[in-house]
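The values are calculated or read from the model by the stated rules, or taken from the named source; none is laboratory data. Here the structure is a predicted model, which means the values were calculated and not measured. A quick note on method: Cβ atoms are made from the backbone with ideal geometry, for glycine too, and the neighbour counts reach across all protein chains shown. Protein only, heavy atoms only, side chains kept; ligands, DNA and RNA dropped before computing areas. Shrake-Rupley method; radii C 1.70, N 1.55, O 1.52, S 1.80 Å.
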Amino acid sequence: ELERITRIATKRMQRTKRRLFIADFDEVNVMSAIGDLYEALYDDSIEAFRRLFKARYIEMWKYIKGERPDEDFLDELFDLYMMEFLAMPNPVVGYAYDTETLRKRDRAEEAIIAAPTKLQKQVLFDKHVRYLVIQISFFIDLVSDEASMRAMTDAGIEKVMWITQQDERVCLDCDEKHGKIYKLSEVPDKPHPRCRCFLRPVLN
């Protein structure tokens, strides 16, 4: 999903930059174009999160139950559960997806409008859109984790084991947790964004 959303974001960014260049990056056009871009990228990201949520939920359910779940409710579950998840401050990254997207949009508009030259405006435009793509990449991991947790909860799992990648990139925090068993309701938050650890359900 990250590769897909990055490709979409790149195309949207190039179109918006051409639009702004033609319009000389004047204030009205900057606010209109940036607003349109961030709204489109937000919608793109929500659809990417939805696909990822469904795929990860089904994968975890099959691992636990040995069969596919009834999938008719997954879109409804995403709307009821994940949209709230995206609106709440996240302990791993320290902000809420929805409000941070708006903040990034506003900061991009202010920085681009204030820059004195066209070249500087273009550089700032690229920089701020990259920040949004990084944010999306963080939440791709978080949505995947939440989908797994939801599937395990719905499947009746009570305990999980913390698993690291067991390589030189594993941080000390995660390394200390490797192999530890937690109640599903008491699993600690991941210590940093882009954590590669995962939770393995303890099957009885």
I'd like to verify a number: residues in segment 155-169 that are at pLDDT 95 or above and under 24 Å from the mean Cα position of the chain (by Cα), how many? 5
Near pairs, Cβ below 8 angstrom, 6+ apart or cross-chain, from segment 172-191 (surrounded by 14 or more Cβ atoms within 10 Å (Cβ to Cβ)) to any residue that is among the hydroxyl-bearing types (S, T, Y): C174/T164; K177/T164; H178/T164; L184/T153
Please state which one of F125, F53, F139, F85 is open to solvent by less than 80 Å² (accessible area, probe 1.4 Å), in contact with a Leu (Cβ under 9 Å, 6 or more places away or on another chain), aromatic (F, W, Y) and over 24 Å from V160 (Cβ atoms). F125
Residue check, Q122 farther than 26 Å from K62 by Cβ, at pLDDT below 95 and assigned to a helix (DSSP H, G or I): yes
State whether the residues of segment 144-153 include one that is modelled with pLDDT of 95 or more, surrounded by fewer than 16 Cβ atoms within 10 Å (Cβ to Cβ) and not small (G, A, S). yes
Using beta carbons and a limit of 7 Å, which pairs, at least six apart or on different chains, have the first residue in segment 96-119 and closer than 11 Å to I34 by Cα and the second one among the small types (G, A, S) and open to solvent by less than 70 Å² (accessible area, probe 1.4 Å)? R105/G35
Out of curiosity, is D75 open to solvent by 40 Å² or more (accessible area, probe 1.4 Å) and either farther than 22 Å from L199 by Cβ or touching a residue at least 24 places away in the same chain (Cβ under 8 Å) (or both)? yes
Exactly one of E109, E59 is assigned to a helix (DSSP H, G or I), within 30 Å of V202 (Cα to Cα) and acidic (D, E), and that residue is E59
